[in-house]
1. Hey, what angle do you get for helix 224-235 against the long axis of the chain, alpha-carbon based, 0 to 90 degrees rounded to 10?
2. Per the helix-only calculation at 222 nm, which mean residue ellipticity applies to the chain, given -39500 (n - 2.57) for every DSSP H run of n ≥ 4 and division by its residues, nearest 500 deg cm²/dmol?
3. Scattering from the C-alpha atoms of region 83-152 alone, worked out with Debye: what is log10 I(q)/I(0) at q = 0.11, 0.15, 0.21, 0.29 1/Å?
4. Which residue fluctuates most in the GNM of the chain (Cα springs below 10 Å): E225, E28, E96?
5. Report for the chain the percent antiparallel among DSSP-assigned beta bridges with both residues inside it, nearest 5.
6. For R183 and D92, FRET efficiency with R0 = 35 Å and r from the beta-carbon atoms, rounded to 0.05?
7. Once you have a ≥ b ≥ c as the square roots of the Cα gyration tensor eigenvalues for region 1-112, tell me rounded if a/c is under 1.5, and otherwise prolate or oblate according to whether a/b is larger than b/c.
8. Given a 1.4 Å probe, how much area per residue of region 4-115 is accessible, in Å²?
Amino acid sequence: MLLKPTALRTNGRTYEVFLPYLIDKLPERQRKRPAQWFQAALTNLLGAPTEQQETCTPELISGEWDHHTDWISAFDALALLSNSPDSYQNGDLINEIEDKTGVKLPVISGRSKHEAVFGRLLIGVLKTSGRPFTVTPQKHFNGRRYRVDFLVTIEGMTRNGEPKSYVIEFDELFHAEKRQRERDEERDRWFRKHEKTLTLIRVKHKHQDDWLKCLEGIGEPRSIEHYYAHCIRVASKIRSTTERVITGESSKAAYDPAKNGCSCLLKREKQRLKELSDIMTTLNIPFTATDRLFVTRRSPSKYGL
């Protein structure tokens, strides 16, 4: 149990949540900066679907309330938690408030609690690219057997200027469960066999914020693994047809936002070579380590190194 009984109150008709206690249960990064958390969540909420905004109080939507407010409605609490940065870490709080109050986040049929928020943020990032694009949610394939979260088509992404299409699946925590994982793998195999012109990308909820930043920085939807590999590419220099090398000096470029659109993925600037070697181990990129990292180049290469 995350919420104390004193963190909830009701007048018999509606429930309210004690906001200072709610903030105390946020992830550490958000808890230390409650004003920034509240404003970021509110900004996201103002772009959320109408059906979600309509459940909130006018005081929240108008900006009359801030992080100093004592009591807020249960709907307001749920809306802030679901629209806040690192929202994937708020799942237990959201579930507990829903269970104890009977109040539920409005969910469009066939969509998850956080999918609509992700879709709106995705469209916002794509607008910054300057390229014409379309986003089709809930698109059906194989008759109506498979329904994908988002079909994204972006103009001018190929060498000859033709549009390129992507299937982007937003995976919340339940996708890690064995039965759902097997279903996802079956779907992925079908798409790779029958829809070869589409690029299939799965974005885990916990990667949402960093993935969207990388999309904005790179300008093309790729898997989170490809974004990590991009960091390796920026950190390294080609040494020969079979090898790249990463030195302490060359690795600095990967941590520079002006040189690496995926620099947000890197968290240990004081241990650059250690962090980059850990990434290559995770991605199964072969390398040898001395006082520098020698990265093996393969042809064809999964990550284009």
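The values are calculated or read from the model by the stated rules, or taken from the named source; none is laboratory data. Only a predicted model underlies this, so the values are computations on that prediction, with no experimental measurement involved. Note that we place each Cβ from the backbone using ideal geometry, even for glycine, and neighbour counts take in every protein chain shown. Remember, those area values only see protein heavy atoms, side chains included, never the ligands or the DNA or RNA. Shrake-Rupley method; radii C 1.70, N 1.55, O 1.52, S 1.80 Å.
1. Tilt of helix 224-235: around 50 degrees.
2. Working: 12 runs with 116 residues, N = 305.
Value at 222 nm, helices only: -11000 deg cm²/dmol.
3. Cα-only, vacuum Debye calculation for region 83-152: -0.39, -0.67, -0.99, -1.28.
4. So, out of E225, E28, E96, the one fluctuating most is E28.
5. Working: 29 of 36 bridges.
Taking every DSSP beta bridge with both residues in the chain, the antiparallel ones total about 80 percent.
6. The pair D92/R183 has a calculated efficiency of 0.90.
7. Note, shape of region 1-112 comes out rounded.
8. In whole numbers, region 4-115 has 50 Å² accessible per residue.
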